[in-house]
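S.K.: Following this message is one structure expressed as structure tokens.
Since every read-out is calculated from the coordinates, none of them should be taken as a lab result. What you are looking at is a predicted structure, and each value in this text was computed from that prediction instead of being measured. Cβ: placed from backbone, ideal geometry, glycine included. Neighbour counts: every protein chain shown.
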Amino acid sequence: MTGTTESNDLDGLGDALSESTKRDLRRGRGRTIRRVALAVAAVALIGTGTVAAASLLSPKQVAAGMPAGAVIFDQTNPTCVAGSDGSVIHCTLATAPSTASGITDFDGTKEALVVDGKVAGGCIGQDSAGMTWDCYIGQDAVDKEIITKDFLGEPAGPGIG
Amino acid sequence: MARHRTFEDATDAELLRESRRDSTAFRVLYDRHSSRIHAFHLKRTRNTGAAMELTAETFAQAWLSRERYRDHGEGTAAPWLFGIARHVLASSVRRLSIDRVAQDRLALGLAHTATTTIDETWLDGLDDDLAAALAELPDGQRRAIELRVLADGAYEDVATELECTPETARVRVHRGLSSMRRRLAGSADG
């Protein structure tokens, strides 16, 4: 491939990406509006917005949601237990997370939690080696600034680092 | 972010932040880095079609995970993008097919190269680059990284070993990692 051809191909890829990313932004706005409507309906049905978040997912689902949300958790075999305050879920990995993404100190690192293909919450690294994580579900993860409100409920696969 | 007359003046971190609302910002980021990411994949695969597809997947994944980019104050997203590129490459070799998860989610709609054969040699020497980058660091920085990152030592322990203050140990690790990131980003061009 000549330099010119390569440059043309990269320009073409850039144009295709631009179209797709524009479309993705538009789609995202629509989804946000629908999610807000659903959330309002749910609160109206429940009568209160203060549902204990951890009760919505089991620790086992959270453990499965870690590698589904971030590739650094591939083959780390997390095990999780619900914390006493009803919101935090403590997770411990059997093996250290991958550093291939460039993260070498996991203390404070934030990763999304994906359950059933959608962002359900997030986890924060509790030590430098990345062996222990505290995870939060739904709005709790937003309040902890692990994920943004817009990101919650988005379709997602394993993210990078 | 500060209002720029054009995105050309913005840092990579600002572009990624702005791209949450305006996809034009991401195009500027793509234009800045696509040649080097493509060169990285081409160097590894020696296959123009595969390199282009891997570049597409790299930037598609970058788009989908852009909200999770963390600015470490270095002014460039190159280390982050190369981290994604390495993952996409390794993932494709592991699955024996070009990783197109993010492209599919974005409905990127590229004409794929049907005859691309995944070759495990694409990963040959991938970590050698890391070892070489580590070996090139000054002794103090290299030891600090070995003790802190590879041996997972506390900064206090690193400082004791290197006979310096914990603050100095922290600076050596930071500078060493920054140098390695720059070198690894540069090695993709060759």
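S.K.: How high is the relative contact order of segment B:125-190, given as a whole-number percent (alpha carbon pairs under 8 Å, six or more residues apart)?
M.R.: RCO, segment B:125-190: 38 percent.
S.K.: What are the ³J(HN,Hα) values, in whole Hz, obtained from phi via the Karplus relation 6.51 cos²θ - 1.76 cosθ + 1.60 with θ = phi - 60°, for each residue of segment B:6-17 in sequence order, with x given for Gly and Pro?
M.R.: Values, residue by residue: 9, 5, 4, 7, 6, 6, 4, 4, 5, 5, 5, 5 Hz.
S.K.: Measure off 7 Å from each Cα along the Cα-to-Cβ vector at A:Ala96 and B:Asp22, then give the distance between these two points in nanometres to one decimal.
M.R.: 4.2 nm
S.K.: Work out the length of the dipole vector of segment B:56-107 about its Cα centre, built from +1 on the beta-carbon of each Lys and Arg and -1 on the beta-carbon of each Asp and Glu, and round it to the nearest 20 debye. It would help to have the intermediate numbers written out before the result.
M.R.: Details: 8 positive and 6 negative charges, 39 e Å.
So the dipole magnitude of segment B:56-107 works out to roughly 180 debye.
S.K.: Using θ = phi - 60° and the Karplus curve 6.51 cos²θ - 1.76 cosθ + 1.60, what whole-Hz ³J(HN,Hα) does each residue of segment B:141-149 get, with Gly and Pro shown as x?
M.R.: These are the phi-based 3J(HN,Hα) values: 5, 5, 5, 4, 5, 4, 6, 7, 8 Hz.
S.K.: Have a look at B:Ser97, B:Ala107, B:Ser65 and report the one farthest towards the positive end of the charge dipole of segment B:60-107, computed about the Cα centre with Cβ charges (Lys/Arg +1, Asp/Glu -1).
M.R.: Farthest towards the positive end: B:Ser97.
S.K.: Could you work out, for segment B:125-190, what percent of all Cα-Cα pairs fall into each 5 Å distance bin, beginning at 0 Å and stopping at the bin that holds the largest distance?
M.R.: Reading the bins upward from 0: 4, 20, 29, 21, 14, 8, 4, 1.
S.K.: Same structure, new question: Hey, can you grab everything whose amide H is under 5 Å from the amide H of B:Ser19? Only 5+ residues off in sequence or another chain; H modelled, so Pro and N-termini drop out.
M.R.: Here nothing satisfies the definition.
S.K.: For chain B, what is the convex hull volume of its Cα atoms per residue in Å³?
M.R.: 134 Å³
S.K.: About the Cα centre of segment B:125-190, how large is the charge dipole given +1 on each Lys and Arg Cβ and -1 on each Asp and Glu Cβ? Please answer in debye to the nearest 20.
M.R.: That gives a dipole near 300 debye.
S.K.: Would you tally the net charge around A:Gly108, using a Cβ to Cβ cut-off of less than 13 Å, leaving A:Gly108 out, and scoring K and R as +1, D and E as -1?
M.R.: With Lys, Arg at +1 and Asp, Glu at -1, the neighbours total -3.
S.K.: What pairs in A:Lys22/A:Lys110; A:Lys110/A:Lys144; A:Lys118/A:Lys149 have C-alpha atoms more than 18 Å from each other? Could you put the intermediate results ahead of the total?
M.R.: Numbers: A:Lys22/A:Lys110 27 Å; A:Lys110/A:Lys144 10 Å; A:Lys118/A:Lys149 13 Å.
Those over the limit are A:Lys22/A:Lys110.
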